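The values are calculated or read from the model by the stated rules, or taken from the named source; none is laboratory data. No experiment lies behind these values; they were computed from the predicted model shown. Please note: Cβ atoms are built from the backbone with ideal geometry, for glycine as well, and neighbour counts cover all protein chains shown.
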Amino acid sequence: MSEPLVFHFDVDGSDFTSAGTASVTVKKNLRQLGLPSEVIRKLSIAMYEGEINMVIHANGGTADVIVTEQYIDIILKDQGPGIPDVNLAMQEGYSTATAQIHSLGFGAGMGLPNMKRYSDEMKIDTEIGVGTTVTMRIWIR
Amino acid sequence: MDSYEHSVLLDRSKCTGCTTCLHHCPTEAIRIVNGHAVINQDRCIDCGECIRKCPHNAKRAVASKLESMDRFRYKVALPAPSLYGQFNNMDDVDYILDGLLKIGFDEVFEVAKAAELVSAYTRQYMKADGVPKPLISSACPVILRLISLMYPSLEDHVLHMLPPMEVAADLARKKVKKEHPEFSEEEIGICFISPCPAKASYVRNNFGNYKSKVDEVVAISDIYFRLLDVMKPDNPVQAISDTGMTGIGWAGSGGEATAILNEDYLAADGIENVNKVLEEIENGNISHVKFVELNACPGGCVGGVLTVQNPFIAKARIRTVSRCLPMAVNFPDPSEEYIPENFLFDEMPAYVPVSRLSPNFAESMRMMSEIQRIRATLPGIDCGACGAPTCRAHAEDAVRAGKRTVSCPFADTIGGNR
């Protein structure tokens, strides 16, 4: 059994145009590991949505991707405002993004629902005023 | 895997090992070894970036010489639409086509003509149920190779329509066989007049299980001066051209996409932009777009490295020559219910995991962790002095070669940096 691989990223909250760079890098690395393209696709969409969320709502944060032989965990941690009603936030189409964010084509209210859809397990730990940690797991086999 | 025969050659006497191409190769296929650039053939996608960027003209695209057509008794030229944008003060395509006859071809069949048919059938294709969104154009051979090497999850998005060059070759051959039964199959030669070295590779290597019907690919730059010599604007020429604005418009980026006659399209050109768009498609970000046209060359095919003229000037001239033409003049037979088979290809080339570290997952993980360890000892300035494009690539090369240490000229002075 080999040691888990860890990829760590700082997600810059001030820059929209660079959002998504971590998921691109992870995608390249996972391709080098020879993972099935379906696993890579699920992971990159789930992670991309998470990255965008952190930029829109929490002024950035950190992303850690932990690869083991059985599964991949994505841990997205921010010190943002927290999510007051997780069930509401999970509803498709629900969004608290500003008009400015909408004008950029984001904020469709599909971020969290897509993260859930493309991961196999998802856990949200959130505290108002403290921050949010989203942990997603994708099983390799 | 059979080795893929490429169209980019290096003139070692001109290459100074300057690292310019190293930094511009989109697939990190180049290394500097013993002072000269070396291309990893498995990774090269024939995009021509290294040719475009080399300050010493040490990189060259190879295509056939016009003389290679001498072995055929009946020679057919297939001029790419981009050829029409290469000439000054020229507003009538017939002078160019007449020029092709004067330099030795027996017949000319415009690729633009086939392009109009491909456009018409693509519109039909997009009406079918279950068409992936977005549909990605299959006309640029570099894009097809890029997808089959780096974006395997997007293979299902590729339009399975043959590129206009192939359709033109098929139609031209059928036409000649019908009109000139005196020539045997082997006596008829089909020559694509190309802006693009990747087309030469595509023809030489075939594509997936599809065997190209083009016999030779000759560079626009190779016949350019010969054409200039025989093109006399004062002499009247016979009307040969049989194409509209739509077909000729394929020469530039956006030409194919606008011919879809659906505004939900996107057209990107230049390999860096193309990569960004493909990433966005993979992230499921532009699913509202129905059609995506991607061209590896800046400006589209007019930006090909086998052309003569600046791509933007060429694009402006394309507008000039097509100004007074109807939108399109080639249409499929309206009685056809299905897209004919000679316009379609079956399958994409098999995915080749060129970047995979090892066939064994656990071993790949071990190697990746070793790459991370070595990478952290390197300065992260991606200077290329070691011969690899980035510090990350240098660490990867070492691990692939089974080395535990690397030779970085600056590791001691600058130190490691993540």
## Note on the structure
Of (1) outside the structural domain of B:Glu107 (by TED's automatic domain parsing); (2) over 19 Å from B:Asn205 (Cβ atoms); (3) aliphatic (A, V, I, L, M); (4) surrounded by 18 or more Cβ atoms within 10 Å (Cβ to Cβ), B:Val33 satisfies every one except (4)
### Elements of type strands (runs of 3 or more DSSP E) in the range A:1-113, at least 3 residues being more than 14 Å from chain B (Cβ to nearest Cβ) and touching a residue at least 24 places away in the same chain (Cβ under 8 Å)
A:60-67, A:71-78
### Query
What single numbered condition from (1) at pLDDT 90 or above; (2) at negative phi fails to hold for B:Gly387?
(2)
#### Entry: Matching residues, the range B:379-396, being in contact with a Lys or Arg (Cβ under 7 Å, 6 or more places away or on another chain), within 14 Å of chain A (Cβ to nearest Cβ) and within 11 Å of B:Glu28 (Cβ to Cβ)
B:Arg392
### Query
Which pairs do you get when a residue that is closer than 10 Å to A:Glu69 by Cα and at the interface with chain A (Cβ under 8 Å from one of its Cβ atoms), found in the range B:360-371, comes within reach of a residue that is crowded, with 22+ Cβ neighbours inside 10 Å and β-branched (Val, Ile, Thr), reach meaning Cβ atoms under 7 angstrom, with the pair 6+ apart or on two chains?
B:Met365/A:Val67
### Query
Which strands (runs of 3 or more DSSP E) does the range B:162-279 wholly contain that include 2 or more residues that are over 17 Å from B:Pro141 (Cβ atoms) and not charged (D, E, K, R)?
B:188-194, B:265-269
### Query
For B:Asn285, are the conditions met, namely being modelled with pLDDT under 95, more than 26 Å from B:Cys196 (Cβ to Cβ) and in a loop (DSSP other than H, G, I, E, B)?
yes
### Task
Quick one: which residue in B:Ala376, B:Ala411 is within 14 Å of another protein chain (Cβ to nearest Cβ) and modelled with pLDDT under 95?
B:Ala376
### Query
If you go through the range B:41-72, how many residues are surrounded by fewer than 17 Cβ atoms within 10 Å (Cβ to Cβ), touching a residue at least 60 places away in the same chain (Cβ under 8 Å) and over 21 Å from B:Ala219 (Cα atoms)?
1
### Query
Is it the case that B:Ala401 is surrounded by 21 or more Cβ atoms within 10 Å (Cβ to Cβ), within 21 Å of B:Ala29 (Cα to Cα) and out of contact with any Gly (no Cβ under 7 Å at 6 or more places or on another chain)?
no
### Query
If you check every pair at least six apart or on different chains, which have Cβ atoms under 6 Å apart with a residue in the range B:317-330 that is closer than 17 Å to B:Ala259 by Cβ first and a residue that is among the aliphatic types (A, V, I, L, M) and outside any helix (DSSP H, G or I) second?
B:Ile318/B:Ala251
### the range B:187-206, residues that are touching a Lys or Arg at 6+ places or on another chain (Cβ under 9 Å) and either farther than 20 Å from B:Gly304 by Cα or surrounded by fewer than 19 Cβ atoms within 10 Å (Cβ to Cβ) (or both)
B:Glu187, B:Ile188, B:Gly189, B:Ile190
### Matching residues in the range A:84-134 - criterion: being touching a His at 6+ places or on another chain (Cβ under 9 Å) and over 23 Å from A:Ser44 (Cα atoms)
A:Thr96
### Query
Here are B:Ser335, B:Ser287: which of them is surrounded by fewer than 23 Cβ atoms within 10 Å (Cβ to Cβ), small (Gly, Ala, Ser) and closer than 28 Å to A:Lys28 by Cβ?
B:Ser287
### Task
Quick one: count up the residues across the range A:114-141 that are farther than 13 Å from A:Asp73 by Cα, touching a Ser or Thr at 6+ places or on another chain (Cβ under 8 Å) and touching a residue at least 60 places away in the same chain (Cβ under 8 Å).
1
### Query
If we scan the range B:107-119, do we find a residue that is more than 24 Å from B:Glu187 (Cβ to Cβ), touching a Phe, Trp or Tyr at 6+ places or on another chain (Cβ under 8 Å) and either assigned by TED's automatic domain parsing to the domain that holds B:Arg12 or aromatic (Phe, Trp, Tyr) (or both)?
no
